[in-house]
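Structure, as structure tokens:
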Amino acid sequence: MPQAFRHPSARLALAALVVLLLGIQPNWLPLLNDLRIARQSSSLTPQSLTAIVDAYNRQPWQPDRAESAGLAALATGQYAAAQVTLQRAAALKGWSARLHSAMGDSYQGLGDIPSAIDHWQQALAADPANAALLTKLAIAYETQEQYSQAQTALQALVAVNPDNAVAQYRLGVLLSVTNPAAAPAHLMLAAALDASVKPFAESLNQTISAGLDAKDPADLSGVVGYTLISLQEYKLAKAVLLNAVQQRPSFAEAYAYLGLAEDRLGNDGLYAYQRAIDLEGTGVQLNTPSRSLIHYLLGLHYRRLQQNQQAIAELELAFKLDKTNAAAAAELGSAYTETADLANAENWYSQAVLAAPTDASFWTLLAQFYLDHDLKVDQDGIRAAEQAATLAPDSAAAQDVLGFAEYLNGHVDLAEPALLKAQSLDPRSARIQFHLGLLYLDTNRPTQAKTALDAAVALGAGTPIATAALQAMARLGTLP
């Protein structure tokens with residue numbers, strides 16, 4: 001039996017726990033934006049639309065007027081009306097690539113992706129090098145989990161436009177599931193073409209290379225699955241992790257990550273976690289970090305369901321098994337905070353920084369705990385914030401806790417530069433905007449305070465930060 005979690009797996013498993021905190025990953029958005037801009041670039045006004053429709057109504061036997069009316073309706077989001085006139089045009093002069101493409105767009109607008117695919121395929125048959133059609137088809141195939149078809153469309157797209165970094169990246173991601181040995185070439189090219197894609201492409205490329213070196217198909221599928229979860233590619237992660245457990249039915253760690261992928265997809269991953277636990281109890285060879293990982297991920301499952309007592313039991317077991325699992329300790333801090341047990345929460349956040357003393361993220365969480373609960377702000381709170389900022393000077397969260405700690409300790413001259421740096425690093429953070437708003441309120445700068453607090457409300461809509469910002473805004477009327 002292959003040694004469980006050997007080679008790259010042990011490193012990647014725990015590394016992924018931190019990478020999961022990433023909120024941004026390369027995806028289809030750049031290509032979708034290109035298509036959206038193209039569709040919205042028409043100068044069609046309501047008056048123009050009316051004129052086009054009137055012309056069609058006067059001469060409905062004219063195929064070009066029927067087509068123009070259909071395209072105009074499509075451009076203004078009237079998808080059902082577009083279909084009527086596009087079908088009329090096709091009946092009058094036959095289907096063209098343009099009509100099929102437009103009809104596909106109308107079906108997409110109505111949410112009927114299979115019908116959209118059918119029309120786009122027919123359009124592509126007449127225009128096989130059309131990059132827009134290939135892009136739409138590749139995206140649609142992926143949403144339908146038709147990965148081999150998506151791969152084919154992407155291969156055609158990069159043949160037409162080899163400098164399209166997002167397409168190269170997406171092809172590399174898909175190949176990591178269907179044909180890992182072919183993925184590195186596309187991932188490396190994507191990294192060279194676009195710096196914003198580079199860290200993600202390189203991460204996946206390194207994973208694949210290490211997995212190929214292991215010369216074990218299950219190991220390869222497992223590490224690719226872990227990394228795809230860290231890149232928030234949950235559907236693809238599920239697909240490749242299912243491959244892993246089929247290739248090695250005793251692969252407990254892969255089952256645990258399969259549970260996480262299911263949870264992130266909004267499904268119930270308990271069946272997979274339970275299988276991992278069952279395997280742990282049947283004598284399957286697992287090292288201690290792997291056992292800790294399984295219970296940690298099950299703890300996250302219960303946390304997602306807000307079942308904190310079950311979560312605490314699993315997370316405490318995870319930490320007992322591996323006292324270097326700082327993520328489990330930090331999650332325990334959060335769980336105990338939610339149960340209003342602040343003494344235990346403080347203890348576990350402190351355990352996290354002891355387990356990973358050079359990781360700024362855990363110092364940031366500890367500092368946030370002290371600051372949010374007004375505990376030891378002038379002692380352990382400020383020290384934790386200073387340590388976070390020292391370890392990660394370019395972290396928005398670390399600069400924010402440092403600035404807010406200085407503010408709470410009355411050091412406005414030190415607080416403002418740190419908060420402004422945090423804002424420059426992450427201008428879309430409601431928390432940072434809120435803290436700046438409070439500072440501006442206390443330094444009698446109502447205009448700047450209102451701007452920052454308005455931003456906090458907008459960016460944090462529906463969160464406690466937005467509520468606190470609204471309450472703070474009530475103070476604006478009391479300023480001189």
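Values in this text are rule-based calculations from the coordinates and carry no lab data. Predicted model, so just to flag it, every value in this text is computed and none were measured. No Cβ is skipped: glycine too gets one built from the backbone with ideal geometry, and neighbour counts run over all protein chains shown.
Restricting S209, S203, S196 to those that are closer than 26 Å to R248 by Cα and within 22 Å of the chain's Cα centre (by Cα) reduces the list to S203. Close Cβ contacts (under 6 Å, 6 or more residues apart or on different chains) running from residues in the stretch 75-88 that are on the phi < 0 side of the Ramachandran plot to residues that are in a loop (DSSP other than H, G, I, E, B) comprise A75/S42; A75/L44; Y79/L110. Y271 falls short on exactly one of the conditions (1) within 25 Å of K215 (Cβ to Cβ); (2) surrounded by fewer than 21 Cβ atoms within 10 Å (Cβ to Cβ), and that condition is (1). Screening F362 against (1) in a helix (DSSP H, G or I); (2) more than 23 Å from the chain's Cα centre (by Cα) leaves a single unmet condition, (2). Of the helices (runs of 4 or more DSSP H) lying entirely inside the stretch 161-227, none contains at least 1 residues that are at positive phi. For the stretch 282-347, the helices (runs of 4 or more DSSP H) that sit wholly inside it and include 2 or more residues that are more than 27 Å from F251 (Cα to Cα) are 308-321, 326-338.
Can you find even one residue in the stretch 116-135 that is among the acidic types (D, E), closer than 24 Å to E67 by Cβ and buried (at least 19 other Cβ atoms within 10 Å of the Cβ)? Scanning the stretch 116-135 turns up no residue that is among the acidic types (D, E), closer than 24 Å to E67 by Cβ and buried (at least 19 other Cβ atoms within 10 Å of the Cβ).
More than 22 Å from the chain's Cα centre (by Cα), assigned to a helix (DSSP H, G or I), small (G, A, S) and surrounded by 18 or more Cβ atoms within 10 Å (Cβ to Cβ): does that describe A254? Against the criterion (more than 22 Å from the chain's Cα centre (by Cα), assigned to a helix (DSSP H, G or I), small (G, A, S) and surrounded by 18 or more Cβ atoms within 10 Å (Cβ to Cβ)), A254 does not qualify.
Taking residues in the stretch 328-352 that are under 20 Å from Y302 (Cα atoms), and partners anywhere that are among the hydroxyl-bearing types (S, T, Y) and loosely packed, with under 15 Cβ neighbours inside 10 Å, the pairs with Cβ atoms closer than 9 Å and at least 6 places apart or on different chains are A345/T339.
Among the residues of the stretch 61-113, those that are among the aromatic types (F, W, Y) and either touching a Cys at 6+ places or on another chain (Cβ under 8 Å) or buried (at least 17 other Cβ atoms within 10 Å of the Cβ) (or both) comprise Y79, W95, Y107.
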